[in-house]
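Only one structure is covered here, and it is reproduced in the block below.
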Amino acid sequence: MSVTPTSESKLPKVAPPATTQAPAAPPSKSGGGATVVIALLALAALGGYVVYRALQRNEAMHGEALQDPQVTAVKIEVVKRSSPENRLTLPGTALADQQTPLYARINGYLKSFAFDIGDSVKKGQLVAEIDSPEVDQQLRQAVATQGVAKAALVQAQANQELARVASERWAALVKERAVSQQEADEKRLTLAAREADVEASRAMIKAQEANVKRLEELQSFKQILAPFDGVITARNVEIGTLVSEGSGAAARELFRMVQLQNLRFHVPVPEGFVPSIHIGLEATLTFDAHPGKTFAGKVSRTSNAVDVASRTMLVEVRVPNPDGVLLPGMYAQVTFALRQASPALLMPSNALLVRPEGTLAAVVGKDKTVHYKKIQVGRDYGTRIEVISGLEENDQVMVNPTTMIHEGEKVEVSSP
């Protein structure tokens, strides 16, 4: 039988009055396990609370980020057209108008030299002298041989005269029948032989004269003369040095001379500027050795060919140098003033972006939104580069673009 609870069962229970407690009994093993369980539950509750608070903070920070997004600040420059007169500056190297090494044309020893490096010389002046005893001995021997040939000619002429007299005498005796015709013929043929001896002696004398002249000319090479007005830039021998005739890698270069009245500058011009270069085009040159000074020159010739490896055409600029202040080997900045019928669009070189899909430029619109445009570039002017297509005048391009900024992203614009 079930008992229906009365209203009294719903009343709160009142604790019994306190009574005198007996001493507590020592804790049992089952009480220690309950304490550990309670401690673990407390730690779990604490960990859950920490996770809950971290999630709350993360949601709050995310909400703040959505409310106030960070905008990237970028620098821009405006695409502009170049001026009708475009200035092209290229490096150039100075070369002497004339330069030549001086070699020995005779074997011997360096006897003396009259000029050293840095000395100015005039055309025809004696630069150095070579002592060549072997050539001197050969010349003396040739002169003596020539003398012997001349003596032989005198003897041959005397024999010819004797043979002529004998031949004429025997010819007269034949008419008188005093001698036989055989003997007269022998005298006549002897005269012909003596005449041949005379001609041979004369030919020998001419040969000896030619040999003497050759040795005399060779002996004149003992003196090394300046081929033109210039400056000695190198001396590679000392007095007493053994020198050999000839030129090239096997021979020793004795001196080197250059002419400084005019200098030539070789300038490699890129292929894109070749149509603008012509003979007579003026150029301005500056040198690190002469700061603040400019020198004028003109294009004197071109190679009329583009080098396949470098895609440049060699251009020669001639510069007057009457005072000799410019020296061969100097480095120069050569500036050409090029006229353009239609000025090109120019953008900063550091705004160029090369990606697998092509060459791009990051254009910042009026709404400060970034749009990447594919462009075609032309001539490179150093800090500026020509834009053939893809951009318009007054477009704003981002300087030093990065891959962190995406298409359509808003940016904050600042001056470069």
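The values are calculated or read from the model by the stated rules, or taken from the named source; none is laboratory data. Computed from a predicted model, the values in this text were never measured in an experiment. Virtual Cβ from ideal backbone geometry, glycine too; neighbours counted across all protein chains shown.
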Residue 391 passes all but one of the listed conditions (1) touching a residue at least 60 places away in the same chain (Cβ under 8 Å); (2) touching a strand residue (DSSP E or B) at 6+ places or on another chain (Cβ under 7 Å); (3) in a loop (DSSP other than H, G, I, E, B); (4) loosely packed, with under 13 Cβ neighbours inside 10 Å; the exception is number (4)
Can you tell me which of (1) within 30 Å of residue 235 (Cα to Cα); (2) outside any helix (DSSP H, G or I) is the one residue 177 doesn't meet? (1)
Residue list for segment 351-361, filter: closer than 15 Å to residue 382 by Cα and either in contact with a Ser or Thr (Cβ under 8 Å, 6 or more places away or on another chain) or surrounded by fewer than 16 Cβ atoms within 10 Å (Cβ to Cβ) (or both): 352
Criterion violated by residue 305 - all others in (1) part of a strand (DSSP E or B); (2) in contact (Cβ under 8 Å) with a residue 12 or more places away in the chain; (3) out of contact with any His (no Cβ under 7 Å at 6 or more places or on another chain) satisfied: (2)
Is it the case, given these coordinates, that residue 271 is within 25 Å of residue 318 (Cα to Cα) and surrounded by fewer than 17 Cβ atoms within 10 Å (Cβ to Cβ)? yes
Taking segment 215-228, which residues are surrounded by fewer than 14 Cβ atoms within 10 Å (Cβ to Cβ) and in contact with a helix residue (DSSP H, G or I) (Cβ under 8 Å, 6 or more places away or on another chain)? 216
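Residue-by-condition table, conditions (1) farther than 30 Å from residue 299 by Cβ; (2) more than 38 Å from the chain's Cα centre (by Cα); (3) surrounded by 14 or more Cβ atoms within 10 Å (Cβ to Cβ):
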| position | (1), (2), (3) |
| --- | --- |
| 123 | no, no, no |
| 129 | yes, yes, yes |
| 136 | yes, yes, yes |
| 164 | yes, yes, yes |
| 167 | yes, yes, yes |
| 175 | yes, yes, no |
| 178 | yes, yes, no |
| 181 | yes, yes, no |
Output the number of residues of segment 236-275 satisfying the condition of being among the acidic types (Asp, Glu) and either over 29 Å from residue 129 (Cα atoms) or without any contact (Cβ under 8 Å) to a residue 40 or more places away in the chain (or both). 1
Working carefully through the options 334, 317, 354, find the one that is β-branched (Val, Ile, Thr), in a strand (DSSP E or B) and at pLDDT below 90. 354
Of the residues 346, 326, only one is buried (at least 19 other Cβ atoms within 10 Å of the Cβ) and part of a loop (DSSP other than H, G, I, E, B); which? 326
